[in-house]
Amino acid sequence: MLSVQGGFKQGFPVVTLYTNLGEDAVVHGLKETEAETVITSHELLPKFKRILKDNEDKVKTIVYLENPIKRTDVSGYRDNVRLISFWDVVSLGKKTANNNLAEVEAEPIPPTAQSPAIIMYTSGSTGNPKGVILTHQNIVATLSSFLYNLDPEPTDMYIAYLPLAHVLELLGESMMVVWGITIGYSGPNTLTDKSTMIKRGQKGDATVLRPTIMFCVPLILDRIYKGVTENIKKRGEFLTKLMDYCINYRSECTKRGEITPIMDRLLFKNIRALIGGRVRAIMSGGAPLSPETHDYLKNVLGCPILQGYGLTETCACGAIMNMDENSTSRVGPPVQNTRIKLVNWEEGNYRVTDKPNPRGEIIIGGRNVAAGYYKLPDKTAEEFHTDAEGRRWFQTGDIGEFYRDGTIKIIDRKKDLVKLQFGEYVSLGKVEATLKGCPVVSNVCIYGDSSKSYVVGIVCPVPEQLTKLAAKYGKSNLSFIEQCQDKDVTGAVLREVVNHCKQTKLEKFEVPGALCLTGDEWTPESGLSTAAMKLKRRPIQDRYQADIDRMYNN
């Protein structure tokens with residue numbers, strides 16, 4: 001964040017690249033932008049030995065953030081690349097200021113509204129990532145729009161744990177800087193007391209920081225939801241039924257604008273302690289949040305969960321729920337100074353004349369819309385346009401539905417749509433969002449073959465739930481990986497999934513006809529998800545192609 005602000009102050013663009021996009025993508029970004037300075041971490045620095053070794057690029061300096069415990073090895077890098085620690089850069093800046101060195105240009109160079117602020121590379125599922133050009137006007141316009149949606153308080157604390165290279169986190173932290181709210185830095189693996197890098201019995205970052213505001217991606221909220229429900233089930237049938245009754249009771253009270261202080265203190269206080277106990281607002285974005293998770297967590301955590309909608313190309317700005325909105329599965333109305341319109345998508349049978357609500361592809365317009373894609377004029381012309389009034393528009397590829405109260409629901413995505421053998425269209429994202437509500441499913445990727453009559457699924461199961469199912473077949477002694485490979489256990493998971501699909505009223509052609517289980521975790525490090533925890537379909541398909549062929553009897 002300090003480096004970004006330094007770049008803004010001097011008026012030069014900052015390029016963001018996830019190293020987990022793969023080395024080829026990082027090399028592509030470095031060459032395309034001709035970046036001379038790279039800022040990275042102690043953990044990621046070794047990757048640049050390989051990245052810079054055999055590539056002709058213009059990198060001259062690497063600034064690395066030191067590890068507080070381990071010494072950073074700076075040997076073995078290209079001879080013409082200078083390596084310097086971040087704190088040495090800070091010291092150099094102090095010396096420059098104190099000595100007023102004439103040979104060092106340190107005076108601010110203010111940018112213009114149209115100056116590129118960030119070239120943010122999006123993590124696409126295929127091909128090289130695209131660099132989105134976000135101008136200073138885009139960022140200022142977005143912040144101006146969002147500042148109406150959350151009233152800051154003097155005691156507020158924001159916990160930052162998502163990658164800053166993602167537009168949602170950049171926006172969140174920038175909002176806090178504008179408001180003067182304290183930011184506490186964390187990470188997904190140290191967020192709660194139960195996180196993977198927290199020693200048993202020790203406190204996670206949320207417990208220590210006690211934040212009041214959080215930005216989340218749905219996968220994190222799904223994990224909290226499943227963690228809470230599993231802990232309740234372990235305490236027996238009576239407590240499970242009691243909690244279900246209390247949650248339903250609180251939900252009805254909330255809809256009437258009533259509060260439940262006694263119930264909140266006696267039953268929900270310990271659950272709120274999972275994220276510090278003080279959170280008063282959670283903003284969710286990056287992917288759809290299932291209605292079940294949304295409604296459940298909103299009640300047990302006792303705070304609004306505001307779903308928002310935006311893209312890197314619109315500087316994360318589009319729509320967001322109001323603090324007093326009680327709906328689930330919607331993303332609220334358009335934010336201040338942002339326009340949203342729908343256009344017909346005939347192939348998917350979505351039209352603005354549909355009843356009871358208009359439906360179609362979402363087009364976002366306003367000063368928040370990016371200048372375009374870096375060095376991709378054809379792709380920019382395809383997805384961006386400027387109208388006669390000078391307003392910039394972006395075609396999102398998402399399908400939305402407008403309600404009478406002005407709120408929007410994201411109902412489909414053009415790229416996620418698969419046409420099956422008999423002409424039915426299946427929204428892969430819709431089916432995946434539904435299946436994530438099934439207790440045994442931790443993560444899932446649905447695949448559809450246009451020459452077949454059904455879809456299939458690759459499932460990352462919840463280990464505890466899988467062991468319970470395996471025990472019914474006398475296979476609890478098997479390891480987690482062996483359970484994933486066992487036909488009886490896989491069949492039991494398929495039955496659980498099919499029953500869940502029936503309860504959630506999916507169409508017959510949307511229900512997976514076959515499943516395979518995997519013990520792999522789909523993380524950005526494995527290259528199977530983006531930093532925002534979205535699935536990368538093409539790499540997942542390549543990894544499990546043999547299983548897909550087997551499920552389709554190919």
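Data overview
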read-out: Qualifying residue in the range 215-228 (condition: small (Gly, Ala, Ser) and either in contact (Cβ under 8 Å) with a residue 60 or more places away in the chain or under 24 Å from Asn322 (Cβ atoms) (or both)); value: no
read-out: Residues within the range 18-69 that are part of a helix (DSSP H, G or I) and in contact (Cβ under 8 Å) with a residue 40 or more places away in the chain, tallied; value: 8
read-out: Answer from Val90, Val38, Val81, Val15 - the residue that is over 23 Å from Ala371 (Cα atoms), of a type in the set (A, V, I, L, M, F, W, C) and crowded, with 17+ Cβ neighbours inside 10 Å; value: Val38
read-out: Residue within the range 480-488 that is polar (S, T, N, Q), at pLDDT below 90 and not assigned by TED's automatic domain parsing to the domain that holds Thr122 present; value: no
read-out: Residue match in the range 368-378 (condition: among the hydroxyl-bearing types (Ser, Thr, Tyr) and in the same structural domain as Val456 (by TED's automatic domain parsing)); value: no
read-out: Hits in the range 504-520 (condition: over 18 Å from Ile548 (Cα atoms) and not basic (Lys, Arg)); value: Thr504, Leu506, Glu507
read-out: Residue count, the range 283-296 (criterion: within 24 Å of Ser529 (Cα to Cα) and in a helix (DSSP H, G or I)); value: 4
read-out: Check on Ile198, crowded, with 17+ Cβ neighbours inside 10 Å, over 19 Å from the mean Cα position of the chain (by Cα), over 15 Å from Gly277 (Cβ atoms) and in contact (Cβ under 8 Å) with a residue 24 or more places away in the chain; value: no
read-out: Arg413 buried (at least 16 other Cβ atoms within 10 Å of the Cβ), in contact with a Gly (Cβ under 8 Å, 6 or more places away or on another chain) and basic (Lys, Arg); value: yes
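The values are calculated or read from the model by the stated rules, or taken from the named source; none is laboratory data. Predicted model, so just to flag it, every value in this text is computed and none were measured. No Cβ is skipped: glycine too gets one built from the backbone with ideal geometry, and neighbour counts run over all protein chains shown.
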